[in-house]
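Any read-out appearing in this document is the output of simple, stated calculations on the displayed coordinates, not a laboratory observation. Computed from a predicted model, the values in this text were never measured in an experiment. Don't worry about glycine lacking a Cβ; one is built from the backbone with ideal geometry, like all the others, and counts go over all protein chains shown.
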Amino acid sequence: MSKIAIFPGSFDPITVGHVELIQRALPLFDKIIVAIGVNSQKKSLFSLEDRMMWLEEVFRSEPKVQVGQFEGLTAHYAQQIGARYLLRGLRNASDFDYEKTISQLNNIVGEGLETIFLISQPAYSHISSTIVREIIKGGGDASPFLPEALHQVKL
Ligand code: ADP
């Protein structure tokens, strides 16, 4: 049975932190579905279309990565696509506190869905989409935090 993991997030926008985590997780799985969870209550800075396009661009030459989008519960989407594993990154203790409960819930709702956590590399643990959005909104240069595929994009 192939090992499929889902890496869910807002990716508003995707950062080098996400990419580094996915690259480190690739040897563990046959396939990783990087999926945007669409939450109509949560306002994103970038459109779903742009965020999807950037994910496709970033992973264009990585055959083990597919991109997707879903509404509703991550655990239900994982079941739909046959993913038994959920990949998440841990940057600090607050990520841990938040993720711990979600992972326990997902294990029940997802009927055995296992969350695999990778601790971020020190060089990436300060990077978040939130910080990148703040830099962009303030007119700063966010390119050090963005994958190369996004460097040409006028954000
Ligand atoms: P969310 O909308 O759930 O906050 P994000 O798009 O911010 O999702 O992040 C998705 C996942 O990527 C989360 O597990 C988060 O911990 C992880 N992640 C984000 N930035 C980094 C980073 N710099 N290093 C490692 N993991 C990260």
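Laid out as a table, the results:
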{"quantity": "Radius of gyration, Dmax [the stretch 4-150; alpha carbons; angstrom]", "calculated": "14.7, 45"}
{"quantity": "Protection-proxy order for peptides 105-112, 7-14, each taking the mean of Cβ atoms within 10 Å per residue, highest first", "calculated": "7-14, 105-112"}
{"quantity": "Helix axis angle, 48-58 relative to the chain longest principal axis, alpha carbon, degrees", "calculated": "90"}
{"quantity": "Under 18 Å from the Cα of residue 154 - aspartates and glutamates, other chains or at least 8 residues apart", "calculated": "12, 49, 50, 56, 57, 134, 141"}
{"quantity": "Alpha-carbon centroid distance for the pair the stretch 36-65 / the stretch 89-155, whole angstrom", "calculated": "14"}
{"quantity": "Sites residue 39 and residue 111 - FRET efficiency at Förster radius 35 Å, r taken between beta-carbons, to 0.05", "calculated": "0.95"}
{"quantity": "Residues whose placed amide H lies under 5 Å from that of residue 35, excluding near-sequence neighbours", "calculated": "7, 9, 68"}
